[in-house]
Every structure is written in structure tokens, then in C-alpha cells.
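Read through the structure below, which is laid out as C-alpha cells, and then see the notes.
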Amino acid sequence: MKIPDPLIERLRRSQRVAVLTGAGVSAESGVPTFRDAQTGLWARYDPAELASPEAFRANPTLVWQWYAYRRSLVEAAAPNPGHLALADLERRIADFTLITQNVDDLHRRAGSRNVVELHGNLFRYRCFDDDTPVELVTVPQDAPPRCARCGGLVRPDVVWFGEWLPPQAWRTAVAAAERCDLFLCIGTSGVVRPAADLPLIARSAGAYTVEINIAPGALDGQLDLHLYAPAGQLLPAMMSAAFGDAA
Ligand code: BV8
């Protein structure tokens, strides 16, 4: 797979790199993307419908079971060469920020250290009512447990549609996009805001911006370079081309 010279040169030269990943980075780990047609029991549900406070209020058991199902998919998955390539890239760049929309914890399991989770994490929990973090020794599969402090329902610590992103995570992501000289946007449909604004913030601040995806999406034509190939293949090839086979 040929990696364009402008990207290789920038990888070798850049001291400030920011990366935004979406569900496409986990696709080759066997974790369905957010917009993949859901299968089996969940085929009839639209993920964007389930990933909302309204859905949880209306049917907490259903939404809890959907997240329990997704946790089981992720627990059966492993980081793929794309995740590992990004962990390797972090070790080579002085100022590197990995911003992810994914809630599957696979970047951390791949060895990435400085991960900004814009949309939370499937394996953390908080109280739906008092919003405080909840530690679960055992995680029930069929219905949400109750908060020991206030008796409210426990929810996954993810950001649902219509909810604000964690302010610190968003501030960190915007600052990284504004100061980087290379921005990689990998495996995201570029539909969900405000995350999808980050590559455009980076570009308007002067960064060289690259999309890696298997197909053109909402960002098509808006970045400096668009590469269409599976991230699990393209990212290792990119690392080898830029840093040699020691990568
Ligand atoms: C907000 C966590 C302010 C949960 C997620 C009307 C009413 C209310 C809000 C809105 C509205 N209109 C717009 C909005 C804003 C809304 C939004 O953007 N909606 C979209 C749908 C239009 N955003 C929000 O609500 C955000 N909050 O704006 O707060 C506010 C406050 C109050 C009221 C209004 C506004 C919060 C958004 C966060 C939602 N939570 N996840 C969970 O996971 O259950 S988002 C969820 O979808 C994922 O986390 C992900 O971030 C997102 C998009 O999915 P992608 O990651 O891009 O994945 P997708 O499946 O879409 O695409 C996969 C891509 O990978 C594809 O491009 C594919 O080609 C590619 N691919 C596949 N295989 C590979 C690959 N690429 C490379 N290699 C491969 N092998």
C-alpha cells in the first residue's frame, strides 16, 4: 500500500500530532461500527435512538441490556494492528494527543496512554440522577443496579445524544486540534458533532489534515488528504513507510 510522500514527510517532521478516531478503527477488531446494521435481537433498534437519556428514562432495562451486549462484544475483541500502530506513533511524537469517539477502551488496551475519551467509556458507570461515579464490583446483565447514595438508576458513563461532552475532554481536544501541525482523522463518518468539527478546527489553525477511511463520508473533500483503505492495514503501512520496519 503506497503512502503519499507528503504524509510520510510530515510524520517524520511533526512534533505536534493529534488524532481523532471513530468506530471504524475498531471494526477490524470485530466490534460493529455505530452505524453498522445491528444484528440479532438489536436489529430492529436504531443505535441513535437507544443512545439517549430519553430512551433510558423510557426503558432503562432495554438500554442497560444493549450496553451489556456491547460490553460483551468488546470483551471478546482485541486491539487490532490499527490500534497498535497508533500506540506506536504516540511513543515517537513529543506532543501527541489521541482523541477518540469510541467507548470501547481498545486504545488503552492497545497501549495508548494519552487518550481523550470524548464520548465516555462502556466500562465506567455513573448515577443517572446524581451524576456521581459508581463503582460496580459485579455488573448485572439484565437490569441497571441502583445508586447506593441516592437510589437512582445506574447508567453507563457514556455521552448520549443531546448530552454535553465532558468539558475537560472537549477543551483538551480543541486545544490539541488548534496546536497540532498534523491531524489524522481515522474511521469516523464525520457526522456526529461536535467531534466532527475537530479536523476542521485543526485545518483552519494551519495543520495538515488527513482522513483515513474505507469510503468517502461527510468530511470528503474538506481535508488535505483522503486515504481510502482499512485502518488496520493502512496505519501499519504508514508507520513502516515513515519509520522503517522497526515500526
Ligand atoms: C451535543 C456514545 C450539545 C454512546 C455517541 C438534534 C438534537 C440534539 C442534538 C443534535 C441534534 N442535531 C445535532 C445534534 C448534535 C448531536 C449530533 O451530532 N447528532 C448527529 C447524529 C447529527 N450531537 C450530540 O448530541 C452530542 N452532544 O451536541 O451536546 C447539545 C446539548 C443539548 C442539546 C443539543 C446539543 C453528543 C454526541 C455523542 C453521542 N454519543 N457515542 C454510545 O456509543 O452508545 S456517538 C456515536 O456515534 C459514536 O460514539 C461515534 O462517535 C458516533 C459516530 O459514529 P462513528 O464513530 O463515526 O462511527 P460510524 O458508525 O458513524 O462510522 C464508522 C466509520 O468508520 C464510517 O465512516 C466507516 O466508513 C468507517 N470504517 C468502517 N470500517 C473501517 C472504517 N474506517 C477505517 N477502517 C475500517 N476498517
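Output the number of the condition that residue 201 fails; it satisfies all remaining conditions of (1) near the ligand (Cβ under 10 Å from one of its atoms); (2) in contact with a helix residue (DSSP H, G or I) (Cβ under 9 Å, 6 or more places away or on another chain); (3) among the β-branched types (Val, Ile, Thr).
Among (1) near the ligand (Cβ under 10 Å from one of its atoms); (2) in contact with a helix residue (DSSP H, G or I) (Cβ under 9 Å, 6 or more places away or on another chain); (3) among the β-branched types (Val, Ile, Thr), the lone unmet condition for residue 201 is (1).
Check 103, 63, 25 and return the single one that is touching a strand residue (DSSP E or B) at 6+ places or on another chain (Cβ under 6 Å), in a helix (DSSP H, G or I), among the hydrophobic types (A, V, I, L, M, F, W, C) and within 13 Å of the ligand (Cβ to nearest atom). Reasoning before the result, please.
Working: 103 fails: in a helix (DSSP H, G or I); 63 fails: touching a strand residue (DSSP E or B) at 6+ places or on another chain (Cβ under 6 Å).
Going through 103, 63, 25 in turn, just one is touching a strand residue (DSSP E or B) at 6+ places or on another chain (Cβ under 6 Å), in a helix (DSSP H, G or I), among the hydrophobic types (A, V, I, L, M, F, W, C) and within 13 Å of the ligand (Cβ to nearest atom): 25.
If I ask for residues that are under 17 Å from residue 8 (Cβ atoms) and assigned to a loop (DSSP other than H, G, I, E, B), which ones from region 224-247 would you list?
Selection gives 224, 229, 244, 245, 246, 247.
Do we have residue 58 as open to solvent by less than 10 Å² (accessible area, probe 1.4 Å) and at pLDDT 95 or above here?
Values: open to solvent by less than 10 Å² (accessible area, probe 1.4 Å): no; at pLDDT 95 or above: yes.
No, not satisfied.
With the requirement that a residue be without any contact (Cβ under 8 Å) to a residue 12 or more places away in the chain and within 16 Å of the ligand (Cβ to nearest atom), what does region 119-143 give you?
Listed by number, the list holds a single entry, 131.
What are the residues in region 174-197 that are within 12 Å of the ligand (Cβ to nearest atom) and either closer than 26 Å to residue 15 by Cβ or not β-branched (Val, Ile, Thr) (or both), if any? Let's see the steps before the verdict.
Step one: of region 174-197, the residues within 12 Å of the ligand (Cβ to nearest atom) are 184-197.
Correct list: 184, 185, 186, 187, 188, 189, 190, 193, 194, 195, 196, 197.
When residues of region 183-213 are filtered for being surrounded by 15 or more Cβ atoms within 10 Å (Cβ to Cβ) and closer than 15 Å to residue 21 by Cβ, how many remain?
Total meeting the criteria: 19.
The values are calculated or read from the model by the stated rules, or taken from the named source; none is laboratory data. In this text the structure is predicted, and so the values were computed from the model without any measurement. So basically every Cβ, Gly included, is an ideal-geometry build from the backbone, and we count neighbours across all protein chains shown. These area figures cover heavy atoms from the full protein model, side chains too; ligands, DNA and RNA do not enter into them. Shrake-Rupley method; radii C 1.70, N 1.55, O 1.52, S 1.80 Å.
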